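Engineer: Following this message is one structure expressed as structure tokens.
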Amino acid sequence: MIYIITAFFNGLLNSVNRLTNVKAGKIFGTGNGALINYIEATFLSLALIFLTGNRTELIWGHVRSVPVWVYLGSICGLIAQLMQIVGTLRTNATVSSILMLVGNLGAAVVLDYFLLDIFSWWKVVGITLILLGTAWIELAKTKGKNKTENG
């Protein structure tokens, strides 16, 4: 149960994070908004390292011993953050959140298949239903806009 609650609050925090990044991107520019976020994360990570007493993680030999593929997480995170700022600025928070969720779910299905040899058509159907619902919302919004503009 704790994992379900943790995942739920992670989703809430991701939404706050996304909207904060979008606002920072609007005010300071996309790149600067992302940079501010990563500088803050660096300071918080350093504080966590010092609070937990794991200072050995800062030793250059330890940093070099980390496999290169581990750094892919931060590269993907930065690219994703830049894309979320740009995407949310061009759509809205709801549509952006739904599309990011669909991307996460789609990647999870692919990774489950290739890494864990697990596949379920029900997951694909669920993702498709989410996409159809999003398209329906956007279509209704567009029709509503056209009625007020023409009406």
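The values are calculated or read from the model by the stated rules, or taken from the named source; none is laboratory data. What you are looking at is a predicted structure, and each value in this text was computed from that prediction instead of being measured. Here the Cβ is made from the backbone with ideal geometry for all residues, glycine too, and neighbour counts use every protein chain on show. Heads up: the accessible areas ignore ligands, DNA and RNA and are worked out on the full protein's heavy atoms, side chains in. Shrake-Rupley method; radii C 1.70, N 1.55, O 1.52, S 1.80 Å.
Engineer: Report, to the nearest 10°, how far helix 72-90 tilts away from the longest principal axis of the Cα atoms in the chain, using its own Cα long axis and a range of 0 to 90°.
Structural biologist: Its long axis makes an angle of about 30 degrees.
Engineer: Looking at the chain, what % of the alpha carbon pairs are farther apart than 20 Å?
Structural biologist: 66 percent
Engineer: Let me spell out the model: positive unit charges on the Cβ of Lys and Arg, negative unit charges on the Cβ of Asp and Glu, origin at the Cα centre of the chain. What dipole size does that give, in debye rounded to 20?
Structural biologist: Value, rounded to 20: 500 debye.
Engineer: Calculate one ³J(HN,Hα) per residue across the stretch 60-66 by plugging θ = phi - 60° into the Karplus curve 6.51 cos²θ - 1.76 cosθ + 1.60, and present them in order as whole Hz with x for glycine and proline.
Structural biologist: My calculation for the stretch 60-66 gives 3, x, 5, 4, 5, 7, 6 Hz in order.
Engineer: Sorting check: for 19-28, 116-125, 63-72, which peptide has the highest mean count of neighbouring beta carbons within 10 Å, and how do the rest follow?
Structural biologist: So the peptides 19-28, 116-125, 63-72, ranked by packing, come out 19-28, 116-125, 63-72.
Engineer: Okay, moving on. Over the stretch 1-94, with the other protein chains present, what is the accessible area per residue in square angstrom, probe 1.4 angstrom?
Structural biologist: For the stretch 1-94, the per-residue accessible area is 76 Å².
Engineer: Sticking with this structure for a sec: Any idea what angle helix 121-150 forms with the longest principal axis of the chain, computed on alpha-carbon atoms, 0 to 90 degrees, nearest 10?
Structural biologist: 50 degrees
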